[in-house]
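The values are calculated or read from the model by the stated rules, or taken from the named source; none is laboratory data. Since the structure is predicted, the reported quantities are computational estimates derived from the model, not experimental observations. Every residue, glycine among them, receives a Cβ derived from its backbone with ideal geometry; neighbour counts consider all protein chains shown.
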């Protein structure tokens, strides 16, 4: 056995794992960070992509709404927000007329110490910060309809005179990439709108997947609604493995986002020749692996590169347990992929977190066995779905390698996307 071969993201740490040299390591390519992140953000605001500078756009505006991601995304808000806020105030928008809106989607609100960790105590003290609530009808209104579904968006955003989206661009197993218009749909959408965006049919669509934009209805619906709701400016970043800023993409909501996606594609895609017998991966570390709810992303990425009937091992801290009560209720009500698919493929049976469970059951249906190493979960919680809880990651992997010779490890989990050579497009534009 070789010395430590891989270090898996796990909470705020990395778990060392000894593996033989025959195990392939899927890692993003090295990407240089910007030498001065604060200056890079300021320059991007001054010279944006296919858009006027933010300072020019802000002149004469009555108020502004800046949308930020919730705690589940490691967005460097402490670096991004100060330059945006300074620009707005220098352009004549008073501090009291600026709202920072957290795009929670269907997630819980971010408050107190958690909020301070996201944006810094100074911004918490000096600016109005509000959470989006997808099930408070008085906080959103209807602006469109798609396929008979109402599109309802946060009113504070809609009423703002200047609308700014911020976020992180990384592979996303539904939207193709995070960032861009995903801040609005589903970030600022109502529960009823989620019936469309997170429906069984949507999640089952073959182009609702990592690193695909064109022909992906999840992404294309987002663009449609952005045009209706309005977006004046975006500030998205790309980060390296140490979560330092490697690129700032500001300006037009589609053009700037696609420029960032092209950067992510070049360093986050790993080419493979054939499926693996065994995939060892992580849940992505903090904050993504706080609950098992978010581990669906790692499982889907592993599913896409493991052979049918193969084995998946996931290391995820899950210090907050499985997830909210609704998600746990789905796992209790459908203890096998077949039961889930039959019940929740019916639109009338839609529940708020079924999208996440659907991805988990898709992975379970494809793989022969799924093992989970986690300090925050117990066997009773996992066995209802057929997942095997393990207490010794190294020993389990050692045993599995004896019967699964073709193995790969993905230390950064869902932040790295494996694709088979025959499925890769000849040109980058065809996948974007």
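Side notes on the structure shown:
- Only a single item in (1) part of a helix (DSSP H, G or I); (2) at pLDDT 95 or above is not met by residue 294, and it is number (2).
- If you go through segment 321-350 and keep only what is surrounded by fewer than 16 Cβ atoms within 10 Å (Cβ to Cβ) and not in a helix (DSSP H, G or I), you end up with 335, 336, 345, 346.
Yes/no per residue for (1) over 21 Å from residue 141 (Cα atoms); (2) modelled with pLDDT of 95 or more:
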residue	(1), (2)
184	no, yes
195	no, no
210	yes, no
213	yes, yes
225	no, yes
230	no, yes
235	yes, yes
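- Within segment 140-171, tally of residues that are part of a strand (DSSP E or B), out of contact with any helix residue (DSSP H, G or I) (no Cβ under 6 Å at 6 or more places or on another chain) and free of Cβ contacts under 8 Å to residues at least 40 places away in the same chain: 2
- Which numbered condition residue 120 misses (of (1) in contact with a helix residue (DSSP H, G or I) (Cβ under 6 Å, 6 or more places away or on another chain); (2) over 24 Å from residue 248 (Cβ atoms); (3) surrounded by fewer than 17 Cβ atoms within 10 Å (Cβ to Cβ)): (2)
- Residue list for segment 20-41, filter: within 20 Å of residue 285 (Cβ to Cβ) and either in contact with a helix residue (DSSP H, G or I) (Cβ under 7 Å, 6 or more places away or on another chain) or part of a strand (DSSP E or B) (or both): 25, 28, 29, 31
- Against the test of being in a strand (DSSP E or B) and either crowded, with 18+ Cβ neighbours inside 10 Å or touching a residue at least 60 places away in the same chain (Cβ under 8 Å) (or both), the options 17, 45 yield a single qualifying residue, 17.
- The lone exception for residue 308 - which of (1) part of a loop (DSSP other than H, G, I, E, B); (2) surrounded by fewer than 19 Cβ atoms within 10 Å (Cβ to Cβ) it fails: (1)
- Odd one out for residue 358, checked against (1) over 30 Å from residue 266 (Cα atoms); (2) in a helix (DSSP H, G or I); (3) touching a residue at least 12 places away in the same chain (Cβ under 8 Å): (1)
- Residue that is surrounded by the fewest Cβ atoms within 10 Å (Cβ to Cβ) [pool: residues in segment 195-212 that are part of a helix (DSSP H, G or I) and under 16 Å from the mean Cα position of the chain (by Cα)]: 203
- Identity of the residue in segment 391-427, surrounded by fewer than 16 Cβ atoms within 10 Å (Cβ to Cβ) and under 27 Å from the mean Cα position of the chain (by Cα), that ends up modelled with the highest pLDDT: 420
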